[in-house]
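Taking it in order: structure first as structure tokens, then the write-up.
Please treat every number below as a calculation from the coordinates, not as lab data. Computed from a predicted structure; not experimentally measured. Here the Cβ is made from the backbone with ideal geometry for all residues, glycine too, and neighbour counts use every protein chain on show.
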Amino acid sequence: MWKWLVLIVAGYVLYRLFANDILKKKKASEEESAAELQRKVASGEMVKDPQCGAYVSVDGNISIRDGNRIYHFCSYECRDKYLQSLEDGAHELPPQN
Ligand SMILES: [Zn+2]
């Protein structure tokens, strides 16, 4: 009987330790990635997707050129929506490939 009780308590303690550890690690990695993102934005490695506001890498291949400006997008969907909004605004469009 005692054996079971000890096992249950030990299991509960282990579970709590484990759960705490995971939460801490998750928080730390979130803070780390936020700092990393800020650094990349500051250095120009990451730019804002003008359609949805997400930050994307300038290495990404989903981009359009508008005059001297190059816009980068997180997805083709965003790119197409942005192109559509440019069309609606009657801007000059870069050729779509
Ligand atoms: Zn997007």
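Details
- Packing order of peptides 64-77, 28-41, highest average first: 64-77, 28-41 (average count of other Cβ atoms within 10 Å over each peptide's residues).
- If the convex hull is drawn through the Cα atoms of region 1-95, its volume per residue in Å³: 136 Å³
- Counted residue by residue at 0.36 nm each, then reduced by the alpha carbon distance between them, the extension gain from LEU17 to SER63 reaches 12.0 nm.
- On the basis of the beta-carbon distance and an R0 of 30 Å, GLU45 and GLN84 show a calculated FRET efficiency of 0.60.
- The modelled label-to-label distance for the pair LYS25/GLN38, using points 7 Å beyond Cα in the direction of Cβ, is 2.5 nm.
- Each Lys or Arg adds one and each Asp or Glu takes one away; over the other residues whose Cβ falls under 14 Å from the Cβ of ALA42, this sums to +1.
- For region 32-37, 3J(HN,Hα) computed residue by residue from phi via the Karplus equation (6.51, -1.76, 1.60; θ = phi - 60°) reads 4, 5, 5, 5, 4, 4 Hz, glycine and proline entered as x.
- For the residue pairs LYS24/LYS81; LYS3/LYS27; LYS24/LYS48, the C-alpha atoms sit more than 32 angstrom apart in LYS24/LYS81; LYS3/LYS27.
- Placing unit charges on each Cβ (+1 for Lys and Arg, -1 for Asp and Glu) gives the chain a dipole about its Cα centre, and among ILE62, TYR15, MET46 the Cα reaching farthest toward its positive end belongs to TYR15.
- Each label was represented as a point 7 Å from its Cα along the Cα-to-Cβ direction; for VAL6 and CYS52 these points are 5.4 nm apart.
- When each of LEU83, LEU7 is scored by the number of other beta-carbon atoms lying within 10 Å, the sequence from fewest to most is LEU7, LEU83.
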